[in-house]
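Novice: Dumping the structure here so I can ask a few things about it.
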Amino acid sequence: TLPAMISPAPGSALTSPVFGPQTFTWSPGAGVTLLELKLGTSPDPTNPLSHDLYNGSPTTATSVMVSLPLPNTTTAEPVYAFLVYHLNGTEVWIQYTYTYKYVE
């Protein structure tokens with residue numbers, strides 16, 4: 001079983017920083033030793049912008065609370081999440097896409 005993002009639901013809109021930090025929760029997967037969350041403005045995981053919003057450290061936890069430095073914008077902007085997991089000495093990622101739109 002691979003790890004998977006639980007919350008926020010993949011494809012959903014992220015909350016505005018005005019309302020506090022965003023919690024990301026995932027299932028651990030079977031045989032996975034470490035996981036890390038990366039959030040960015042690029043869909044390419046090899047691009048440094050793939051983790052320009054948040055670059056998590058390897059952990060055994062299944063959630064992290066992140067204060068996203070997102071712009072004050074009224075247009076829907078994409079945010080790319082990479083759930084990176086370590087399995088049998090190999091690092092693999094699963095990509096998720098969210099949108100962000102500032103709402104008062």
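Novice: What's the number of the condition Glu77 fails, among (1) buried (at least 19 other Cβ atoms within 10 Å of the Cβ); (2) at pLDDT below 90?
Specialist: Of (1) buried (at least 19 other Cβ atoms within 10 Å of the Cβ); (2) at pLDDT below 90, only one is false for Glu77: (1).
Novice: Being modelled with pLDDT under 95 and open to solvent by less than 40 Å² (accessible area, probe 1.4 Å) is the filter here; which residues of the range 87-104 pass it? Write out each step before concluding.
Specialist: To start, the set of residues in the range 87-104 that are modelled with pLDDT under 95 comprises 87-93, 98-104.
Tyr98, Tyr100 - these are the residues of the range 87-104 that are modelled with pLDDT under 95 and open to solvent by less than 40 Å² (accessible area, probe 1.4 Å).
Novice: Continuing with this model, one more query. Between a first residue in the range 1-13 that is over 23 Å from Thr33 (Cα atoms) and a second residue that is open to solvent by 70 Å² or more (accessible area, probe 1.4 Å) and among the charged types (D, E, K, R), which pairs have beta carbons less than 9 Å apart while being 6 or more apart in sequence or on different chains?
Specialist: Ala13/Lys101
Novice: Let me ask something else about it. Please specify each residue of the range 22-74 satisfying the condition of being exposed (fewer than 15 other Cβ atoms within 10 Å of the Cβ), under 12 Å from the mean Cα position of the chain (by Cα) and not in a loop (DSSP other than H, G, I, E, B).
Specialist: Once the filter is applied, which keeps residues that are exposed (fewer than 15 other Cβ atoms within 10 Å of the Cβ), under 12 Å from the mean Cα position of the chain (by Cα) and not in a loop (DSSP other than H, G, I, E, B), the range 22-74 yields Thr23, Thr25, Asn55, Ser63, Met65.
The values are calculated or read from the model by the stated rules, or taken from the named source; none is laboratory data. Every value quoted in this text rests on a predicted model; they were computed, and no experiment measured them. Cβ sites come from the backbone with ideal geometry, for glycine too, and all protein chains shown count toward neighbours. The protein model used for the area step is the full one, side chains on, heavy atoms only, and it has no ligands, DNA or RNA in it. Shrake-Rupley method; radii C 1.70, N 1.55, O 1.52, S 1.80 Å.
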